[in-house]
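Since the structure comes first, as structure tokens, the remarks are kept for the end.
The values are calculated or read from the model by the stated rules, or taken from the named source; none is laboratory data. It should be emphasised that the depicted structure is a prediction, and the values quoted were computed from it without experimental measurement. Methodologically, a virtual Cβ is constructed for each residue, glycine included, from the backbone with ideal geometry; neighbour enumeration extends over all protein chains shown.
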Amino acid sequence: MDSPEEVESYSSAAAEQHLEAIDDTFVEHLLRLLPQQNPSAADPIRALDVGCGPAQIPVKILGRVAKIRFVALDRFPNMLACARRNAARAGVLERLTLVRADAQLLPFPDHAFSVVICNSVLHHAREPVELLREIFRVASPAAAILVRDLRRPSRMFLSWHLWRHGRRYSGPMRRLFNASVRASYTAGELAEMLSKVAANQARVFRLGGAHLSIERAASGPAHVRLGLDQTPLG
């Protein structure tokens, strides 16, 4: 997804109310998983967004959490250029580092980050288990982790699901949504992937009707506060 037309389509659609609300839901959910902030702490929270796209989510978090610094990684230069513009427009560029790299070969040492996020990237990965391994490798043992992706329903409900959750999209975004849902995973498939990774207490959750997540609170699973739209699986 790196042609100017695709980037513009994605970025423009992401500014619409529906996708804006989806991003806001991710941000609010992540804030419940973050470590308790110590106002006197000198060091900022080091956070990583794997497959950042236009970086709307890191930009929103930077605007909400003062003591956090984000590395936003994507393999597409046009997406990173769009991310830079978004961060500059929001006045948070000085706290955002943009990196071009492959998400399955993260150029960071083990345990480098205390927050790692990844939104709607897993279904694009050539080797999704390797992507998850890399995410947990670069996360510190106590890191907050939130990996969210689309949920693929059973064949019986696929057509209804695509209409119900894709009806607000049109044109290229509607086609992209339909293809992404078909390429995504069921809760059972996601749990099977997670079982192959040294995930240290992370669990699979269902988030509303359209999404699944793999997540872990910074201080451990006992401190994850379930929202009304969140159901633990397994």
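Name the pairs whose Cβ atoms lie under 7 Å apart, with the first residue in region 12-40 and closer than 18 Å to residue 213 by Cβ and of a type in the set (A, V, I, L, M), the second in a loop (DSSP other than H, G, I, E, B) and at pLDDT below 65, and 6 or more positions between them or separate chains?
33/224
Return the residue satisfying two criteria in turn: it lies in region 178-221 and is of a type in the set (D, E, K, R) and modelled with pLDDT of 90 or more, and of such residues it is nearest to residue 150 (Cα to Cα).
189
Return the only residue of 80, 98, 33, 93 being within 23 Å of residue 218 (Cα to Cα) and either touching a strand residue (DSSP E or B) at 6+ places or on another chain (Cβ under 9 Å) or modelled with pLDDT of 95 or more (or both).
Being within 23 Å of residue 218 (Cα to Cα) and either touching a strand residue (DSSP E or B) at 6+ places or on another chain (Cβ under 9 Å) or modelled with pLDDT of 95 or more (or both) holds for just one of 80, 98, 33, 93, which is 33.
Given the conditions (1) modelled with pLDDT of 95 or more; (2) under 16 Å from the mean Cα position of the chain (by Cα), which single one is not true for residue 109?
Single failed check for residue 109: (2).
So for region 86-98 (the condition being touching a residue at least 24 places away in the same chain (Cβ under 8 Å) and among the hydroxyl-bearing types (Ser, Thr, Tyr)), does at least one residue qualify?
yes
Could you check region 68-99 and list, in sequence order, the residues that are within 18 Å of the chain's Cα centre (by Cα), part of a helix (DSSP H, G or I) and among the small types (Gly, Ala, Ser)?
83, 87
Scan region 41-67 and report the pairs whose first residue is in a strand (DSSP E or B) and whose second residue is among the small types (Gly, Ala, Ser), with Cβ atoms within less than 6 Å and a gap of 6+ or a chain change.
Cβ pairs passing all conditions: 45/114; 46/114; 49/72; 50/103.
Looking at region 137-164, which of its residues are at pLDDT 90 or above, of a type in the set (Gly, Ala, Ser) and either buried (at least 23 other Cβ atoms within 10 Å of the Cβ) or assigned to a loop (DSSP other than H, G, I, E, B) (or both)?
139, 143, 144, listed by residue number.
Name the residues in region 100-136 that are surrounded by 19 or more Cβ atoms within 10 Å (Cβ to Cβ), of a type outside the set (Val, Ile, Thr) and in a strand (DSSP E or B), would you?
113, 114, 118, 119
Quick test for you: out of 76, 70, pick the one residue that is farther than 15 Å from residue 116 by Cβ and of a type in the set (Phe, Trp, Tyr).
Just a single option satisfies the conditions, and that option is 76.
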